[in-house]
Amino acid sequence: MDTLVIEGGRRLKGRARISGSKNAALPILFAAVLCEGSAALRNVPKLRDIATTLKLLRALGCEIEEREDEIVVSPKALVPAAPYDLVCTMRASVLCLGPLLARVGKAKVALPGGCAIGARPVDQHLKALEKLGARFSLEEGYILGECDRLTGARVTFDMPTVGGTENALMAAVLADGETVLENCAREPEISDLAKFLNACGAKIEGYGESVIRIQGVGSLRGATYEIMPDRIEAGTFMVAAGITRGELELENCPYDALEAVVAKLKLMGMDIRRADSGSVIASADAPLECVDARTEPYPGFPTDMQAQLMALLCVSRGTAVVEERIFENRFMHVQELLRMGADIRASGGTAVVRGVERLSGAPVMASDLRASASLVLAALAADGVTEISRIYHLDRGYEAIEKKLAAIGANIRRKQNKS
Ligand code: UD1
């Protein structure tokens, strides 16, 4: 298994290009199953989760062409069964449920695995699809779904769920009549999915708001579509600038989708602004101040940036309270940060972080995707060498991270271990 070896203490400076969004690309790739023609998707990041999705799409009966600058998905004779060996590594696989039911009236999908951050049920996905006319049973770890043609309905989610909203949206575009989805998640990746579907001929209004209205259509054609840039990768690089007191110019940065993150980092003392070129410049030249943070559904502070922010708080002045409100068990980075000399007390969903002068390098272990990112950030600021193992989590969500960081001055290398 590969490890990352980082020697900290270098100020990062230079330009980094933000890749396409993982969390937008995944549902859009699954949505391509809904199309009768081909979907040509651009700006798809080169990540392990994307490779898993392409494998799954092939297993479902799609032809995939991977070109230099786009991935073309052409659904052929669909096989509505998502096997466990593919689904278990990536929770987002459950997003094939809505498209398969809408397109072939059947789906057999293994119950998902993915990051070990709490129970993460899929009851809201099933509830929404049931409202549209699907019937489900659970057999040997598989969700078995079937339906005749889906019918539009009113669905009220118990809580804003990103995946649940996406699954319902994808099913509703081919349902008979009108569907109204209430208490939807409002994440920008859902809007990106809706824009792709509309480009294919769907009729969706209200995305980005909590009520989405969909008029079902008979069929969807394909489209060429450019995936939005990754706001979490962009936020992670902003923190990299802050934690090393560096200055980074971020190209292809989805600034508008980062309002809560930018506001928080500015409050801590960072300078973040848009340049005339359209890039975003993020810098820090003095010690930053601790500021409290609480994760919330969009447009609040994203849970996917909580671990990275915590790394920054660890070396800022003062004390901050961090509350994780979206997922239980999302403080797995805390134990590892403590090994690097951080002062954090975590209990339940709350962590109290007292800033320390310096962190020190140590062998640490990545435990989930964003926790891994926080360890990389902490290592960039720490004295000495940090060796991060189990970085396959990082490869699920950050494209060429060590190359991008090395290009802006980090002392980082990947070590391939044979065992
Ligand atoms: C998506 C993102 C993930 C991000 C999360 C929250 C993708 C591929 N992943 O995950 O990176 O951290 O949004 O922004 O886009 N819930 C239920 N029942 C359900 C569904 C969700 O109780 O049926 C709960 C979850 O346990 C969690 C909350 O709702 O507490 C939000 O989860 P959700 O928004 O669905 O997250 P994901 O779509 O899995």
Q | ³J(HN,Hα), Karplus 6.51/-1.76/1.60, whole Hz, each residue of segment 40-53, x for Gly, Pro | A | 9, 10, 10, 6, 7, x, 8, 9, 5, 5, 6, 4, 4, 4
Q) Within the chain, what percent of beta bridges assigned by DSSP are antiparallel, to the nearest 5? A) 70 percent
Q: Kindly flag which residue pairs out of Lys203/Lys404; Lys55/Lys266; Lys13/Lys415; Lys127/Lys403; Lys264/Lys415; Lys22/Lys266 have an alpha-carbon separation exceeding 31 Å in this structure.
A: Lys203/Lys404; Lys55/Lys266; Lys127/Lys403; Lys264/Lys415
**Q.** Dipole magnitude of segment 161-304 about its Cα centre (Cβ charges: Lys, Arg +1; Asp, Glu -1), debye to nearest 20
**A.** 180 debye
Q) Can you give the angle from 0 to 90° between the axis of helix 22-31 and the longest principal axis of the chain, with both taken from C-alpha atoms, to the nearest 10? A) 10 degrees
Q: Take every Cα pair under 8 Å in the chain that's 6+ residues apart, average their separations, divide by the length, and report that relative contact order as a whole percent.
A: 21 percent
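Scanning the chain for GluC sites (Glu not before Pro) in DSSP loops with at most 16 other Cβ atoms within 10 Å, what's the longest stretch left with none?
The segment 210-327 is the longest one with no such site.
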**Q.** Given charges at beta-carbon only (K, R positive; D, E negative), |dipole| of the chain in Debye
**A.** 580 debye
Q | Among Pro302, Ala410, Ile143 - extreme Cα towards positive end, dipole of the chain, charges at beta-carbon | A | Ala410
Q. Over all directions, what mean area does the Cα convex hull of segment 248-350 project, stated in square nanometres?
A. 6.8 nm²
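Placing unit charges on C-beta atoms (Lys and Arg positive, Asp and Glu negative, everything else neutral), compute the dipole magnitude of segment 287-419 about its Cα centre in debye, rounded to 20.
Roughly 460 debye for segment 287-419.
Defining a contact as two alpha carbons under 8 Å apart and six or more residues distant in sequence, what relative contact order in percent does segment 267-419 show?
It comes to 17 percent, rounded to a whole number.
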Q. Once amide H atoms are built 1.01 Å from N in the peptide plane, which residues 5 or more positions from Ala81, or in another chain, come under 5 Å H to H?
A. Lys108
Q. Name the trypsin sites (Lys or Arg not before Pro) in segment 352-419 that are in a loop by DSSP and that have at most 12 other C-beta atoms within 10 Å, would you?
A. Lys418
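We did not get these values from a lab; they are worked out from the coordinates using the rules stated. Predicted, not measured: the structure shown is a model, and the values here were computed from it. With ideal geometry, Cβ positions are generated from the backbone for all residues, glycine too; neighbour counts draw on all protein chains shown.
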